[in-house]
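Visitor: Here it is, the structure, as structure tokens.
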Amino acid sequence: MPKLRGEAFWRETLRSAHYVVAPMVDQSELAWRLLSRRHGAQLCYTPMLHAQVFLRDANYRRENLYDEACPEDRPLIVQFCANDPEVFVQAALLAQDYCDAIDLNLGCPQMIAKRGHYGAFLQEEWDLLQRMILLANEKLSVPITCKIRVFPEIDKTVKYAQMLEKAGCQLLTVHGRTKEQKGPLAGVASWEHIQAVRKAVSIPVFANGNIQCLSDVEECIRKTGVHGVMSAEGNLHNPALFEGRNPLVWEMAEEYLEIVQKYPCPLSYVRAHLFKLWHHTLQVYQQLREELAKVKTLEGIVDVNRELKLRCQEEIANQKEGEKPKEGLPFFHWICQPYVRPGPKERCKENGASGTEKGVRGKRALEEEEDGNSELLSKNKQKKKLRNPNKSFDPSLKPKYAKCDQCGNPKGNKCVFNMCRGCCKKRAFKETADCPGHGLLFKTKYEKSLSWQSSQRVIQNPEISRRGDVDVGETAVLKEAGDSAV
């Protein structure tokens with residue numbers, strides 16, 4: 001059967017899917033995909049898989065794809081991150097029999113993607129991306145798709161999408177944020193960018209960003225003209241989003257936990273899902289939040305979930321007539337609803353007010369005031385700050401180090417070459433030299449090895465030793481004769 005392309009692929013293989021669950025690391029596993037499908041999702045992606053690890057590690061393949069094969073879980077797209085055409089295609093070949101398409105991740109904006117050189121950090125390397133997609137399109141029996149982030153400029157984003165289409169991409173998901181828009185700085189996704197891409201390409205386009213409820217889905221399709229809409233965070237807080245419902249949290253949690261018992265996954269995944277589902281309730285019942293964080297078994301998580309349900313039912317029973325949701329929520333905290341990620345200023349305000357006055361700790365404080373200046377602090381820095389309140393993260397207060405003559409990294413204070421350890425090691429090895437400051441003794445070890453080899457030769461051939469004694473004796477006689485002649 002010939003490989004379907006473009007619109008035909010979307011209509012027949014993907015069954016004209018409009019409602020799509022995004023690829024989410026450690027979050028779009030089989031159990032969650034099945035829950036989402038039961039509540040309106042028409043297409044799901046696997047979590048992002050690392051192509052190189054998938055290629056070399058049979059256990060990784062089994063745990064992340066092969067053991068999760070399930071007839072109910074189709075249509076399904078497997079997403080890979082990669083930066084090498086051969087590695088990407090070889091990994092995709094191992095996965096293509098278990099899915100309906102292979103997706104190349106060009107949208108991940110996280111630091112790990114920057115270090116690994118994949119995701120959104122490949123968006124300037126158009127030649128490499130063309131080679132990856134061309135080769136995949138040629139070798140795979142299933143279509144190749146891409147998920148991208150936009151550039152600040154609409155024109156550049158459109159050219160980027162057209163380049164991917166020309167290379168062989170059969171479906172494009174456009175996240176309407178740049179790679180700099182993430183976490184508390186995510187802001188609003190640009191549907192204008194998505195609309196421009198949809199008009200400029202002939203392949204199907206999915207939109208991603210600003211999707212918190214079914215009305216957002218409908219509005220996005222109407223404004224941008226896309227074929228489908230993908231949801232990530234909205235789906236995690238309300239798996240029934242695509243049904244247009246806001247069910248009781250414990251209904252979704254209990255159904256998910258039942259699926260997990262049939263299709264097990266790591267406990268960390270389950271815990272993370274319950275933190276999302278119960279997000280607003282856990283702001284009220286802090287003790288249960290701590291229990292959920294510490295529990296070590298699935299049965300323990302089920303118990304915490306049951307206790308949360310009982311607390312909410314008790315609160316409902318004691319509810320006064322006409323009482324309205326608190327904290328500006330659209331619904332009471334025990335109902336699945338969107339979580340709007342606040343910006344830095346709002347989050348600082350949120351933690352200051354609700355955290356200090358009412359004893360409800362915010363997710364994390366994102367701003368600290370130091371000497372009148374606002375500084376954005378990561379979660380790790382905040383933990384360090386709690387342990388040591390006097391610690392400062394002001395770059396101007398960091399100690400200044402002398403730089404390596406070779407690479408600019410801090411040099412060793414006692415290095416004989418005025419270099420960092422890495423550069424010193426290369427030079428000392430090349431010149432067979434010592435650097436006591438870095439503990440590098442290439443010259444000393446070389447001389448010791450020569451001495452050892454010489455002693456081994458003497459042991460193996462005693463005549464060399466005797467010959468050496470005779471030579472010494474002859475030399476002494478000649479020396480005496482010379483002295484008397486003088």
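The values are calculated or read from the model by the stated rules, or taken from the named source; none is laboratory data. In this text, all values refer to a predicted model and were calculated from it rather than measured experimentally. Using ideal geometry, Cβ is built from the backbone for each residue, glycine included, and neighbour counts are taken over all protein chains shown. These accessible areas exclude ligands, DNA and RNA; they are computed on the full protein's heavy atoms, side chains included. Shrake-Rupley method; radii C 1.70, N 1.55, O 1.52, S 1.80 Å.
Visitor: Give me the pairs, please: first residue somewhere in the stretch 388-407 and aromatic (F, W, Y), second residue anywhere and in a loop (DSSP other than H, G, I, E, B) and open to solvent by less than 90 Å² (accessible area, probe 1.4 Å), beta-carbon distance under 7 Å, and either six or more positions apart or on two chains.
Guide: F393/L377
Visitor: Identify all residues within the stretch 390-408 that are surrounded by 10 or more Cβ atoms within 10 Å (Cβ to Cβ) and over 25 Å from R421 (Cβ atoms); write none if there are none.
Guide: K391, S392, F393, D394
Visitor: Follow-up question, since we're still on this one. Return the pairs, sorted by first residue and then second, in which the second residue is open to solvent by less than 30 Å² (accessible area, probe 1.4 Å) and β-branched (V, I, T), the first residue lies in the stretch 1-21 and is on the phi > 0 side of the Ramachandran plot, the beta carbons are less than 6 Å apart, and the residues are 6+ apart or on different chains.
Guide: The qualifying pairs are G6/I203.
Visitor: Would the stretch 133-141 turn up any residue that is at pLDDT 95 or above, closer than 27 Å to W191 by Cα and crowded, with 19+ Cβ neighbours inside 10 Å?
Guide: Yes: one or more hits.
Visitor: Is there any pair with a first residue in the stretch 318-334 that is under 20 Å from C213 (Cα atoms) and a second that is among the aliphatic types (A, V, I, L, M) whose Cβ atoms are under 7 Å apart and which are 6 or more apart or on different chains, and what are they?
Guide: H333/V284; W334/L248; W334/V249
Visitor: Continuing with this model, one more query. Just to verify a result, which residue in the stretch 431-447, among those that are in a helix (DSSP H, G or I) and closer than 14 Å to N418 by Cα, is most open to solvent (accessible area, probe 1.4 Å)? So that I can check it myself, show each step before the final result.
Guide: So the first thing to find is which residues in the stretch 431-447 are in a helix (DSSP H, G or I), and the list is 431, 436-438, 442-447.
Still in the list and also closer than 14 Å to N418 by Cα: 436-438.
Details: P436: 97, G437: 41, H438: 35 Å².
For the stretch 431-447, the residue satisfying everything is P436.
Visitor: Restricting to the stretch 180-234, give me the number of residues that are out of contact with any helix residue (DSSP H, G or I) (no Cβ under 7 Å at 6 or more places or on another chain), among the β-branched types (V, I, T) and under 30 Å from S378 (Cβ atoms).
Guide: Residues flagged as out of contact with any helix residue (DSSP H, G or I) (no Cβ under 7 Å at 6 or more places or on another chain), among the β-branched types (V, I, T) and under 30 Å from S378 (Cβ atoms) within the stretch 180-234 amount to 1.
Visitor: Still on this model: Looking at the stretch 141-174 only, could you name the residues that are touching a residue at least 60 places away in the same chain (Cβ under 8 Å) and farther than 13 Å from G6 by Cβ?
Guide: Once the filter is applied, which keeps residues that are touching a residue at least 60 places away in the same chain (Cβ under 8 Å) and farther than 13 Å from G6 by Cβ, the stretch 141-174 yields S141, V142, K147, T173.
Visitor: Okay, next question. Do you know which of the residues in the stretch 238-273 that are within 20 Å of the chain's Cα centre (by Cα) and open to solvent by less than 10 Å² (accessible area, probe 1.4 Å) is nearest to A22 (Cα to Cα)? If you could, list the steps in order and put the result at the bottom.
Guide: Of the stretch 238-273, the ones within 20 Å of the chain's Cα centre (by Cα) are 265-273.
Subsequent filtering for residues that are open to solvent by less than 10 Å² (accessible area, probe 1.4 Å) retains 270, 273.
On the way: V270: 17, H273: 15 Å.
In this case the residue turns out to be H273.
Visitor: Among the residues of the stretch 142-177, which ones are under 22 Å from A189 (Cα atoms), open to solvent by less than 10 Å² (accessible area, probe 1.4 Å) and part of a helix (DSSP H, G or I)?
Guide: The answer is T157, Y160, A161, L164.
Visitor: So, in the stretch 98-116, exactly how many residues are out of contact with any Gly (no Cβ under 8 Å at 6 or more places or on another chain) and modelled with pLDDT under 95?
Guide: Of the residues in the stretch 98-116, 5 are out of contact with any Gly (no Cβ under 8 Å at 6 or more places or on another chain) and modelled with pLDDT under 95.
Visitor: Kindly evaluate L55 against the criterion of being more than 22 Å from the chain's Cα centre (by Cα) and more than 28 Å from P239 (Cβ to Cβ).
Guide: In short, no.
Visitor: Sticking with this one: Give all pairs with beta carbons closer than 6 Å in which a residue from the stretch 44-65 that is within 14 Å of L94 (Cα to Cα) meets a residue that is polar (S, T, N, Q) and open to solvent by less than 60 Å² (accessible area, probe 1.4 Å); count only pairs at least 6 apart in sequence or on separate chains.
Guide: So the pair list comes out as L49/N64.
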